1. Around Lys398, with a cut-off of 9 angstrom between Cβ atoms, what is the net charge of the other residues, counting Lys and Arg +1 and Asp and Glu -1?
2. Give me the percent of the accessible area of the chain that comes from carbon and sulfur atoms, probe 1.4 Å, all protein chains in place.
3. Ser695 versus Thr85, label points 7 Å from Cα toward the beta carbon: distance in nm?
4. List the pairs from Lys484/Lys539; Lys692/Lys795; Lys375/Lys508; Lys314/Lys375; Lys287/Lys806 whose alpha-carbon separation is above 22 Å, in the order I gave them.
5. Under 8 Å for C-alpha pairs, at least 6 residues apart: give me the relative contact order for region 289-328, rounded to a whole percent.
6. Once you keep just the Cα pairs under 8 angstrom separated by 6 or more residues, what percentage relative contact order results for the chain?
7. Got a sec? What order do Phe444, Phe698 fall in by accessible area at 1.4 Å, biggest, i.e. largest, first?
8. Of Pro582, Val651, Asn845, whose Cα points farthest to the positive end of the dipole of the chain (charges on the beta-carbon: +1 Lys, Arg; -1 Asp, Glu; origin at the Cα centre)?
Amino acid sequence: MRKFGIKIGLALAIVLFVHAVCFAGTEGTLSGVITDQQGNPLASASVMVLGTGRGAFTDSNGYFTIAGVQAGTWDVKAQLMGHETVTIGDVNIVVDQRTTLTITLKVDPVEGYRLEAYAEPLIRHDETTTRRIITGDEISTQVIDEFREVMSRTAGIVTEGGTDTGTFYHVRGGRSNEIAYMIDGISVVNPISGSVGMLINTNAIEQISILTGGWDAQYGEAQSAIINIITKEGSDKFEGGFSFTQDVYAARQEWDTQMLLASTGQPDPNAPEITWHTSTRQPRRTKATANFGGPLTSKMSYFVSGDWYRDWTKYPVKDPAIEWNISSKVTYRFSDRYKLTFSGNYSDLRQDLFNIQYQYIIGSGYLDQMREALKIGTLWTHYVSDSTFYSINFGYFKRHALTHVPGVPDDRKEAGDAYKRDFDMPPGEQIYLNRQMMDPTGWFYTKGAMRWYGDEKQYNWSVKGDVTSELSNSNQLKVGGVFKYYDVDYHEFQPLPTNTYVDVWKVKPYTISAYVQDKLEYSSLVLNIGVRLDLLNPKGTYVEDPYDYADYLGQYEYYEDIPRVTPTVKYQISPRIGVSYPITERDKFHFSYGHFFQSPPFQYLFMSSQNPPMGAYPLLGWPDLEPEKTVQYEFGVEHIFTEDMVGDATVFFKDMRDLLDTARINTPNGTYTRLCNADFGNSRGFELTLDKRLSDMFAAKVAYTFSVSKGLASSFRQGYMYEYYDWVLPRRENLLDWDQTHSLDLTFDIRDVDKWGINVTMVYGSGMPYSTAPELGQPAINDKRMPWTLNLDLKANYDIRLMGMKYSFYVEARNLINRLNVQNLGADEGEGTGLDWSNWLFYYNDPDGSFDDYEVYGDPLIVRAGVSVQF
């Protein structure tokens, strides 16, 4: 009998878990009160969110709550027999937030009709942390090609890099792989690197929620930010459109380059006066977009959109980058209680990876890169009542990335055979391995290619969902959990004339998490309390001594015979708390505190852990790494200055522990370096924002950030490089590479909504630090600053409405003032070695170094023109 009881209990627990599996929010709550002209509450009034099938009736106090409304803008209709019907247009439902309406119905025996415009609240009193909401309409008015550009214009976010290998985003002092990216509630993070795993066409975006402070317990696997993208869904009206954009002018960066001596920074007297001519390619981008949506039946709607790019960047590569993205969503409403949503996103990118050392090569020495990703989601939503609903979200995410020398086969075995055949040929006849330097610089290659092959495949399955219930007008409860299963196959090798470095591993880890979140909302206080459990099972194995086999005089005959260690399961319980306190009708105080847990990206867990050590200084991952941890808190005040202007001042504190570093491991048979949890850091600062809503044809946003970010290292490789050069490892915190003391983001928008508009955005950043290296001895870490940067973008449009269609003609200008912004100082930046162009900047005020490395600069002035049609 006892065993039967245990089985029943387990079965109930499984059922409850499946119905409470957590996912990133895609819905918000609409609530409010309906009164007559004298302010008396009206009971039994009907409230409908048009186009969603969601609605409710008011109670005896005139109060209503509609939970689980899809995030976006919707018309809301209120009616009661004997009173006029009121429709409020374009009510903005924000993900995970409550939108409140106060509606007055006039007595009208003939039941007339009145249309009101929705006034977005300047302060959302139930918000207890820092959240920035950017709508699809706002994105369409700005110069934005991909959604992450929104992040670079957000307070607290620093943009670093900008080469063709990627742009990195750091939030309040955190590393770039500490951000969780989600599309419609499903994670699209690349688990191998921790970066974003796929992009999305901007015309599919309904809104983007950016959380940079402490977030609710429903969100996990992030230490710095949550980027939650909600895509558009079809309505009960047909709509569609397309656009075409083309670069019409681009400035060119060019120099007559002289070979400079590192000892003096002056031309080499023994070299020709002009050694070569350096010139960037004139950027040329072509972009096309399309979108369609509407009803399929009375219960089913759809929305599908996509974009296509053909992009010649400023780098003189062989072929243009080709990218296309597709997004779709189909919604079926069985009734006002049941909804099924299918969503899909596909992204494909083909490009050449530029390396300045190969720019004068005969043929092409650049690497070909292919990246494709597919995300599929199935979301079931059951509205148990007007105030309670649950959702179950089944997700699938697939990503494949392939990088290799042009001409080398895609297949792993065939690629390895091609390199082997090349290796066995005389040096003069080698195609890939033989590299000759261009005289007289000794820097540029004239033959051969970049020696690299990388193939990564990953498949992620997830079951997610949550239960949300308005227990009362002042109490909202959420309960949930998540299960993710990964199947990752990683294959990388670097063929060199004397050796081939290999990193090959296959793993199938899984994660489990659960949370409880309770929000108590009163007129004088909002309290948001939650707790989260995160668990990781790496499911990989490793050896303590990778040299313990015959090749290194160890006790085992082969590497595969060495006994393997199974890593332990890692878990953490993380408390979260947020407080919102209305001081007056025009002021609000908010505070949040939380512990945040994040598993290291898989490349750091499993790097070279399943193959023998390669080379003289092997670097290995460690499947037994502990998760990285952050404790952060913030407090701030919001103030309404006028009826269309609100400001916010927030102070933040962030302490980071168990960050990744490396440690030298000595064994009886050899020495190697392994990843470990040895780094730490902290970040402090404050943010000031001012938001003026559109009125009298003018809107503006101002965001200023002051911050100081310090840590033991800016990269996990710093310890490895210091050991390599036999330098003393730092024991105190230094400024991090992305420590940007001051940043200022400005947006000005002048607009006649139905006719024309001009949008100007400016992003200013004080210089980031860099390390200088003396001629001999230990380098100083981030002791100097790069020049400050300034980007000014402009977009202007003129609209014509004709025969039910809107024709929009627009022009875009990037880097309007054509400023030469320094964005990095070379490949070794971040390792603290000073082995990049930092000394050239320090000694000679020349950030591009001795050979005019124009990768250090951002894009020049680019002007585009385009046309769009919407119906």
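1. Values: positive: Lys375, Arg399, Lys457; negative: Glu372.
Neighbourhood net charge equals +2.
2. Values: 21150 of 36030 Å².
Accessible surface attributable to carbon and sulfur in the chain totals 59 percent.
3. Result: 3.1 nm between the two label points.
4. Details: Lys484/Lys539 13 Å; Lys692/Lys795 19 Å; Lys375/Lys508 19 Å; Lys314/Lys375 31 Å; Lys287/Lys806 19 Å.
Result: Lys314/Lys375 exceed 22 Å.
5. Values: 59 pairs, mean separation 14.2, N = 40.
Contact order relative to length: 36 percent.
6. Details: 2472 pairs, mean separation 90.4, N = 871.
Once divided by the residue count of the chain, the mean separation gives 10 percent.
7. On the way: Phe444 0, Phe698 70 Å².
Ranked list, largest accessible area first: Phe698, Phe444.
8. Pro582
The values are calculated or read from the model by the stated rules, or taken from the named source; none is laboratory data. Only a predicted model underlies this, so the values are computations on that prediction, with no experimental measurement involved. We place every Cβ from the backbone using ideal geometry, glycine too, and count neighbours over all the protein chains shown. Heads up: the accessible areas ignore ligands, DNA and RNA and are worked out on the full protein's heavy atoms, side chains in. Shrake-Rupley method; radii C 1.70, N 1.55, O 1.52, S 1.80 Å.
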